[in-house]
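The structure appears right after this line, and notes come after that.
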Amino acid sequence: MNDSPAHTDAPVLDVWCELQCSDCRSALDDLRALRARYGDRLELRLRHFPLEKHKHAFAAAQAAEEALEQGKGWEYVEAVLGRVEELDREGEPFLVEVAGELGLDAEEFDTALVDGRHILIVDADQAEGKAIGVTGTPTYVIGGERLDGGKSQDGLRERVAEIADRLLAERA
């Protein structure tokens with residue numbers, strides 16, 4: 001998921017994330033810092049990896065795709081991650097509520113969760129994640145290197161920046 005078109009030659013940072021994951025919430029500061037540092041020189045893509053232990057994660061991933069379709073993908077992701085406890089308690093009604101708070105079409109969110117129009121995207125992301133060895137969230141993939149943030153996020157922002165800088169230098 002990417003809200004803005006990046007340069008076609010921009011390096012891609014895939015962020016395997018789950019919206020009911022407190023570790024992913026902790027990673028938001030790193031993602032904000034990377035977006036601030038690189039802007040459109042680094043394409044940040046949200047990839048879905050809902051974990052079975054979180055019963056609302058699959059619906060949340062679908063909701064994030066609906067938010068992307070309505071033009072506020074990352075804003076929605078940040079809003080939901082910032083309130084993980086509410087998602088734990090309230091489930092799908094909370095996902096629709098956040099959409100309304102952000103000025104998105106909440107009724108369309110509700111319909112999207114019922115009709116499952118985004119399930120294939122979420123399933124494909126999860127299958128790809130499993131295929132490349134993602135086991136938890138957040139996990140970052142940039143320049144062919146997988147960095148696991150589920151165990152520890154110490155130094156990950158710096159490592160991602162090192163790889164991004166190298167990739168950008170190679171493209172210059």
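The values are calculated or read from the model by the stated rules, or taken from the named source; none is laboratory data. Predicted model only: the values in this text are computed from it and were never measured. In this analysis, Cβ positions are derived from the backbone assuming ideal geometry, glycine residues included, and neighbour counts consider all displayed protein chains. In case anyone asks, the SASA skips ligands and DNA or RNA and just uses the protein heavy atoms, side chains included. Shrake-Rupley method; radii C 1.70, N 1.55, O 1.52, S 1.80 Å.
Rounded to the nearest 20 debye, what is the charge dipole size of the chain about its Cα centre when +1 sits on each Lys and Arg Cβ and -1 on each Asp and Glu Cβ?
720
So I have [x] 9.8; [y] 9.3; [z] 12.6, and one of them is mean projected area of the Cα convex hull in nm² calculated from this model. Which one is it?
Given [x] 9.8; [y] 9.3; [z] 12.6, the calculated one carries the label [y].
Kindly state, to the nearest 0.05, the FRET efficiency for A36 paired with E97, given R0 = 41 Å and r defined as their beta-carbon distance.
0.90
How much accessible area per residue does the chain have, counting only protein heavy atoms and a probe of 1.4 Å, in square angstrom?
47
Dipole size in debye (nearest 20) for segment 32-104 around its Cα centre, Lys and Arg Cβ +1, Asp and Glu Cβ -1?
Values: 11 positive and 15 negative charges, 100 e Å.
The calculation lands at about 480 debye.
When the chain is modelled as a GNM with alpha-carbon springs shorter than 10 Å, which of E162, E66, E128 fluctuates the most?
E162
Between I132 and K53, 0.36 nm times their residue separation minus their Cα-Cα distance comes to what?
On the way: separation 79, 0.36 × 79 = 28.44 nm, distance 2.06 nm.
Gain in length upon complete extension: 26.4 nm.
What's log10 of I(q)/I(0) for segment 7-87 at q = 0.11, 0.21, 0.26 Å⁻¹, Debye sum over Cα points only, no solvent?
Results for segment 7-87 at q = 0.11, 0.21, 0.26 Å⁻¹ read -0.28, -0.98, -1.36.
Report, in whole Å, the centroid distance computed from the Cα atoms of segment 121-145 and segment 91-119.
25
Given the options G73, G133, G149, which has the most mean-square fluctuation in a GNM of the chain, springs set between C-alpha atoms less than 10 angstrom apart?
Most flexible of the set in this elastic network: G133.
If you take the beta carbon distance between I119 and E170 as r and set R0 to 45 Å, what does 1/(1 + (r/R0)^6) give as a FRET efficiency, to the nearest 0.05?
0.75
At a 10 angstrom cut-off on C-beta neighbours, averaged per residue, how do the peptides 77-84, 55-62, 31-38 rank from highest to lowest? Can you show the working numbers first?
Numbers: 77-84: 19.0, 55-62: 22.8, 31-38: 15.8.
Descending mean neighbour count gives 55-62, 77-84, 31-38.
With +1 on each Lys and Arg Cβ and -1 on each Asp and Glu Cβ, and nothing else charged, work out how big the dipole of segment 80-172 is about its Cα centre, in Debye to the nearest 20.
So the magnitude is around 660 debye.
When the chain is modelled as a GNM with alpha-carbon springs shorter than 10 Å, which of D148, D123, D115 fluctuates the most?
D115
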